[in-house]
1. For the range 443-455, check the following and say yes or no: at least one residue is closer than 30 Å to Asp301 by Cα, crowded, with 23+ Cβ neighbours inside 10 Å, hydroxyl-bearing (Ser, Thr, Tyr) and not assigned by TED's automatic domain parsing to the domain that holds Pro74.
2. Would you please name the residue that is surrounded by the fewest Cβ atoms within 10 Å (Cβ to Cβ), looking only at residues in the range 131-148 that are over 27 Å from His530 (Cβ atoms) and over 22 Å from the mean Cα position of the chain (by Cα)?
3. Could you tell me whether the range 417-432 includes any residue that is modelled with pLDDT of 95 or more, assigned to a strand (DSSP E or B) and out of contact with any Cys (no Cβ under 9 Å at 6 or more places or on another chain)?
4. Condition first: in contact with a Leu (Cβ under 7 Å, 6 or more places away or on another chain) and closer than 19 Å to Gly462 by Cβ. Now tell me which residues in the range 340-363 satisfy that.
5. Give just the number: which of (1) at pLDDT below 95; (2) within 30 Å of Thr140 (Cα to Cα) does Arg97 not satisfy?
6. Please tell me if Ala441 is over 29 Å from Gln522 (Cα atoms) and modelled with pLDDT of 95 or more.
7. Please specify each residue of the range 27-69 satisfying the condition of being of a type in the set (A, V, I, L, M, F, W, C), surrounded by fewer than 17 Cβ atoms within 10 Å (Cβ to Cβ) and either modelled with pLDDT of 80 or more or assigned to a strand (DSSP E or B) (or both).
8. Would the range 349-360 turn up any residue that is outside the structural domain of Ala147 (by TED's automatic domain parsing), over 27 Å from Leu262 (Cα atoms), of a type outside the set (Asp, Glu) and touching a Pro at 6+ places or on another chain (Cβ under 6 Å)?
Amino acid sequence: MRKSTRTARLMGAVSLMIAFGLAGCESNQQTSSASMTTMTPQQRVDAAYAAMGGDAVADLKTISLRAHIAQWDPGSSYSVADPDKPGLNASEVIQIRDIEHGRVHNEWWDRPKNDDGTRRSYAEIITPEAGWVVGNDAATGRTPKRAIMVDGKPAHTFSGRRMTVALREQERLDIVPAMKAHPDRVVAIADQTVDGKTYPSVQYNSDHGTFIVMFDPATNLPARVRTPDWDAVEGDSMFDAEFSDWRDVAGVKIPFRTFYQLNDISIADMTYRDVVANPGILGSLFDIPPDQLANAAKPVDPKIVPFHWAIRRSYSGFYFDSDAMYGDEDSTIKMVDLAPYVSETQGWSHNTVFIDMGPYLIAMTAPNDDGQSVATLKLVKEKYPNKPIRYLVLDHHHVDHVGGMRQYIAEGATVVIGKGNGEYFRKVLARPQTLNWNAPAADKPYKPEVIEVEDKWTVTEGDREVSFYVIDNPHAAGQMIGYVPSARLGLVTDIWNPGPVLPAYNPNLASVVHAVEKLGIQPTKFGGGHGTLGDYVQAAALVHAVEKK
């Protein structure tokens, strides 16, 4: 992450975004007042096409390659201060592309699978009509119910949102031929400046999104391909692919390295090897079973696609490939009581806890995105009519438990978050959200206020009390657990997913038990951001039994 430049260049970025109706996407960029040359947009594309090889580009019908991809998910970092750590290790892929027909076959192997430490392998087919995957593209419990078994492996079609992501990201890599083929979609845009270097640029309006293409003025090759995107934490953002290490393959210039960044934060670093032009390929590599193809989802409007959720959760194996977004297609959300004046949503992948303090509510976690928050708030208003939500406790900073926070802020909630996270959240919550398709209604007040908890935060109303404590743990810096003393109920997210079955001993669960004992609180049960109710007494006994050995 290039930390030194992000804030300093914000004003230039805002100027560009206002000019193109995308105000507030922070990125290390500026615009120049005049174009570097008098080239028209199509002349710029023609120059890039010639630099890539001209007629040789058209002669490239198929290609095969191997790629190594280093991956990061800043939304799941240990600390907001260092979004590169921990990285998600790396993946390997063998890719065969039928360029002429827009088809791709990926053989992924050695992909991370974070929940149990094993690695994933699977095949992925992407065509203009549908996507198809065979194998473990998701970690345990995240395979959609529409999946079938093929040769002993789960297989399923892509959701419509995943289709749009896949098609857009493939088009990013083929941007110059795409612009050459569709000159009517290429329009003028101001020159862009990144890290002090100015690039002549054009805008390309694809079916799958809007691209800002920056060209190296010395070579005419594309240097960066940018998309204005929504990120549930970062807000209005810029996603860049930076091309380098251009090499000649059968007369065509191909970038052997592509480095991806979101607002100057590292996302992926992809390097090619063993690139072969026009290999003979079997058409069956791109076959999708006819019965599956007939019912496959089509690409959806890119304006409602969570690109960065899909891209980064696919890296880790935590992506649930469903257009229902927050669970499988037939899943529903409901409100469940955990204890007197404490309830939580259940039924989707992530929960929100609500504590009724009498005159107002306290919410804990705002998972996934503002779309889930809209559905959750509807249930809350039915169960607790006329009660405002005064506080939203974000018990840790990870994107899957904070991405829906803006809807709560628009309801008047003050954000409460653990030590070390306050400044970052004040910054991202102040950014525009023009690209947020689930943004709060314009007539609602949106005035983010953030309380940063040093050690303990307690609220008392009459005989009702709840406390949140910052604890030591291996999952996230500044993570908190909650405690409702009258119910002897603990509240936790991720470091324990409470339920009727105890997990095996692990450092996260141990950190919960160690914290409870250090704090001197006395829970008998735990609920929280995942799962249902879990027996703390049994969990503590398990941890003690293992640690005494």
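The values are calculated or read from the model by the stated rules, or taken from the named source; none is laboratory data. In this text the structure is predicted, and so the values were computed from the model without any measurement. Using ideal geometry, Cβ is built from the backbone for each residue, glycine included, and neighbour counts are taken over all protein chains shown.
1. No, because not a single residue in the range 443-455 is closer than 30 Å to Asp301 by Cα, crowded, with 23+ Cβ neighbours inside 10 Å, hydroxyl-bearing (Ser, Thr, Tyr) and not assigned by TED's automatic domain parsing to the domain that holds Pro74.
2. Checking each candidate, the answer is Ile148.
3. Yes: the range 417-432 contains one or more residues that are modelled with pLDDT of 95 or more, assigned to a strand (DSSP E or B) and out of contact with any Cys (no Cβ under 9 Å at 6 or more places or on another chain).
4. Val342, Phe354, Ile355
5. Result: Arg97 fails condition (1) only.
6. Yes, satisfied.
7. Ala50, Ala56, Ala58
8. Yes: the range 349-360 contains one or more residues that are outside the structural domain of Ala147 (by TED's automatic domain parsing), over 27 Å from Leu262 (Cα atoms), of a type outside the set (Asp, Glu) and touching a Pro at 6+ places or on another chain (Cβ under 6 Å).
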